[in-house]
1. Which order do you get for H174, H326 if you rank them by accessible area with a 1.4 Å probe, largest at the top?
2. Skipping prolines and chain starts, which residues have an amide H placed within reach, meaning under 5 Å, of the one on M207, given they are 5 or more residues away or on another chain?
3. To the nearest 10 square angstrom, how much accessible area does R265 have with a 1.4 angstrom probe?
4. Accessible area, 1.4 Å probe, largest first: how do F7, F109, F263 sort?
5. Can you pull out the trypsin sites (Lys or Arg not before Pro) in region 1-102 that DSSP calls coil and that have at most 12 other Cβ atoms within 10 Å?
6. Ordering M56, M66 from largest to smallest accessible area (1.4 angstrom probe), what's the sequence?
7. Just the number please: accessible area per residue for region 1-53, 1.4 Å probe, all protein chains included, in Å².
8. Given Cβ point charges of +1 (Lys, Arg) and -1 (Asp, Glu) and nothing else, what value in debye, to the nearest 20, does the dipole of the chain about its Cα centre take?
Amino acid sequence: MDYLAFFRSELDALRSDGNYRVFAELERKCGAFPHARQAGEAPDVTIWCSNDYLGMGQHPKVLTAMQDALIRCGAGAGGTRNISGTTLEHVALEHSLADLHDKEAALLFTSGYVSNWATLGTLGARIPNLAILSDALNHASMIEGIRHSGADKTIWKHNDLADLERKLAHLPAHQPKLIAFESVYSMDGDVAPISEICDLADRYGAMTYLDEVHAVGLYGATGGGISEHENLTDRLTVIEGTLGKAYGVSGGYIAASKDLVDFVRSFASGFIFTTAMPPAVAAGAHAAIEHLKVSNAERLSQQKNVEEVRRRLDQIGLPHINNPSHIIPVIVGDPIKCKYISDRLLNEHQIYIQPINYPTVPKGTERLRITPSPVHSPTDIDRLIGALESLWTECALARQPMAAQ
């Protein structure tokens, strides 16, 4: 086989379909984010698609905590947690996360992807005859973890309680069950009916596994996510989250009962055989979490900017999904035009919004995923809306709001 020719042909197919990804080389400007430097002599840009939702990646408390830990502890953790990589910073962060979600314990992973993959993979593989019921729009990390586990898997229609109940009722009453779903879905920005899912879990004797990756830090009185906002924390078996979005650093975690966390810690290969996150990263995440437990200023400012961007998009008639979250998907519906608009925004207007195409979203729903933050200014919003209106007219795209999903 001509391996190189195969690789090239597959990449060429991506390009012809408009789905080939090109990364912009950017350097975030600390203290001036969402502004960033481009590589070479290109002008600075404004980032409108970052998952650093609250700008905590440049918060003084986070930077100070990381700098202090770096000086105290050095750069790396020294190994896996099982051998030489558990530090005081890791332990303190796990205590903070358990408190955030009102759970007995928490466990750190190197990323949100790994926390989903390792936890679902371990539970599915080691609980005898476990049936996992997975929402149809669950993240790839959840899908891969479930697939890796070899457990009995059932996919239920996205946020469809009737379909979930039909599939729960079809399973034997004595069979162990776990319902896996997200709170805020990252591409459409819609929110799961968590309370009703918990009702079904109680009725059919199932555990619940909630991915709060796009909600932690952003919702609830202390940033515990949608589950805290709706006072449902105690009804969830496992809450999974990330430190790499609203908390501005990196890493993932689960929070649950002491025994479940210890079970995953003891059996998950994705935890056991991976070098621990650097202590400085753990210290920065800890500082971000503790700050957002008591400060609502960032959340309120973000919500104000989200509302303003939605209002301005409605004024000019651009089609965006009307959801209750902070994620604004502006629908283009064509991969070539989506990339074209993204390129023009960057090259002519110095606005960076990465195009979202298949396979991340279904074909025909290609979009620009906009994430307003508290650090975007009124001038930034004016420039964004003006540029989008101009490009929409040029591309002759439909101008009508998209209904809530």
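The values are calculated or read from the model by the stated rules, or taken from the named source; none is laboratory data. Fair warning: this is a prediction, and the values are worked out from it, not measured in the lab. Note: ideal-geometry Cβ built from the backbone for every residue, glycine included; neighbour counts use all protein chains shown. Just so you know, the surface numbers come from the protein's heavy atoms only, side chains and all, with ligands and any DNA or RNA stripped out. Shrake-Rupley method; radii C 1.70, N 1.55, O 1.52, S 1.80 Å.
1. The residues order as H174, H326, largest area first.
2. Close amide H contacts, sequence-distant or interchain: K177, L178, I179.
3. 100 Å²
4. F7, F263, F109
5. R21
6. On the way: M56 0, M66 55 Å².
So the residues, ranked largest to smallest area, are M66, M56.
7. Details: 3570 Å² over 53 residues.
On a per-residue basis, 67 Å².
8. 300 debye
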